[in-house]
Amino acid sequence: MWKQIYRYSSLARSIDLRYHSNRSILIVAALMAVLGLVGFGPADGAGGLGGAVAMGGAAFGAWALGRELDPDQPASALVGALAAGGLTMWLGAPALLVLAAVAVMARLLLRSVGPAPTWLDVTAVAILGIATGARPGGWPVALVLAFALARDRQLPGEAMPLGRSAAVMVAGGATGVAVATGVGEWMMPSASEWVVLGAAVAAGAMTKIEPPFSASDAGGAVLSRARLASARRLTLGAVALAGLLGGAAGIRAVAAAAAAILAVFVVQRRIVPVGMRLPPPPGVPLPR
């Protein structure tokens with residue numbers, strides 16, 4: 001089925017249950033959702049179904065982003081999912097639309113599926129980027145997404161169609177939406193929020209960018225180091241800009257993305273002793 005989907009989209013990724021990491025995230029996301037449902041949810045008081053969606057969505061979104069930021073190490077994505085749940089309980093519910101925009105941006109830049117995004121993909125990303133402008137912290141993320149769309153043609157591989165046109169649409173559309181909806185005044189972040197933002201920025205800046213050995217899902221080609229570097233740097237830029245321009249609401253909006261950045265750092269530096277960055281034996285599929 002997924003081989004057929006890859007003919008029309010280069011952004012959709014499968015969750016192959018033959019892999020332990022993919023089974024694990026379904027369990028982690030479900031457990032986080034249950035915690036939110038029974039009251040151990042976001043710090044801002046969202047409970048019941050809203051708490052379940054916030055907790056489960058934050059964990060799954062951080063995992064999806066972690067797959068793009070550290071494609072060789074599935075443990076990074078799972079650690080990020082757990083950290084995202086913890087940050088949601090500590091700071092409050094994230095803006096899942098903003099988290100989705102960050103994850104899609106990283107996937108678009110990395111080309112983890114393989115082929116260049118289709119015009120349908122670019123159209124969907126443009127709509128997502130414009131809609132993101134309506135969320136707290138979303139406008140800065142939309143601007144970084146627009147930059148990513150424009151930058152894509154400067155990276156290795158086939159250029160995506162309509163990239164620059166989509167960049168202009170996202171930047172202008174998200175700005176218009178942000179002005180029209182009035183996403184709220186800038187509020188000074190708390191000490192805890194500043195700590196999360198500062199830790200994510202520091203961790204992202206200190207994370208080494210090594211040549212990946214993982215292959216793309218559909219094309220089979222080894223992923224590009226230049227594209228991995230762009231995915232990590234623009235994800236870090238989106239989180240930092242959302243926090244600085246969005247204030248307290250902006251930091252909460254991207255807290256799960258910050259968790260994914262922190263997870264890549266702590267797994268790479270062996271602060272959390274899980275996994276090893278070693279290629280599998282010849283002929284053995286990678287644990288994607």
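Is there a residue being closer than 23 Å to A77 by Cα, crowded, with 16+ Cβ neighbours inside 10 Å and among the polar types (S, T, N, Q) anywhere in region 109-123? The answer is yes, given that some residue of region 109-123 is closer than 23 Å to A77 by Cα, crowded, with 16+ Cβ neighbours inside 10 Å and among the polar types (S, T, N, Q). Could you please let me know if V53 is surrounded by fewer than 24 Cβ atoms within 10 Å (Cβ to Cβ), within 20 Å of A249 (Cα to Cα), β-branched (V, I, T) and in contact (Cβ under 8 Å) with a residue 40 or more places away in the chain? In short, yes.
Go through (1) within 14 Å of the chain's Cα centre (by Cα); (2) within 24 Å of A12 (Cα to Cα) one by one and return the number of the condition A240 breaks. For A240, the exception is condition (2). Please verify whether region 220-243 includes one or more residues that are touching a strand residue (DSSP E or B) at 6+ places or on another chain (Cβ under 7 Å), modelled with pLDDT under 95 and surrounded by fewer than 21 Cβ atoms within 10 Å (Cβ to Cβ). Yes.
Scanning region 201-210 for residues that are over 18 Å from the mean Cα position of the chain (by Cα) and over 12 Å from L69 (Cα atoms) yields a single hit, M206. Restricted to helices (runs of 4 or more DSSP H) entirely inside region 132-233, those with at least 3 residues that are touching a residue at least 24 places away in the same chain (Cβ under 8 Å) and under 15 Å from M105 (Cα atoms) are 138-151, 163-181.
Close contacts from region 102-121, counting a first residue that is under 16 Å from S216 (Cα atoms) and a second that is hydroxyl-bearing (S, T, Y) and part of a helix (DSSP H, G or I), with Cβ to Cβ under 6 Å and a gap of 6+ residues or different chains, come to A106/T235; L109/S230.
Of all residues in region 152-184, those being in contact with a helix residue (DSSP H, G or I) (Cβ under 8 Å, 6 or more places away or on another chain) and on the phi > 0 side of the Ramachandran plot number 3.
This table checks each residue for (1) within 19 Å of T235 (Cα to Cα); (2) in contact with a Gly (Cβ under 8 Å, 6 or more places away or on another chain); (3) aromatic (F, W, Y); (4) surrounded by fewer than 17 Cβ atoms within 10 Å (Cβ to Cβ).
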| site | (1), (2), (3), (4) |
| --- | --- |
| R135 | yes, no, no, no |
| L149 | yes, yes, no, no |
| M160 | no, no, no, no |
| V179 | no, no, no, yes |
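Search region 244-276 for residues being of a type outside the set (A, V, I, L, M, F, W, C) and surrounded by fewer than 15 Cβ atoms within 10 Å (Cβ to Cβ), and hand back the single one that is modelled with the highest pLDDT. So, considering only residues that are of a type outside the set (A, V, I, L, M, F, W, C) and surrounded by fewer than 15 Cβ atoms within 10 Å (Cβ to Cβ), the one modelled with the highest pLDDT is R269.
The values are calculated or read from the model by the stated rules, or taken from the named source; none is laboratory data. For clarity, every value in this text was computed on a predicted model and none was experimentally measured. Because the Cβ atoms are built from the backbone with ideal geometry, glycine has one as well, and the counts that use them run over all protein chains shown.
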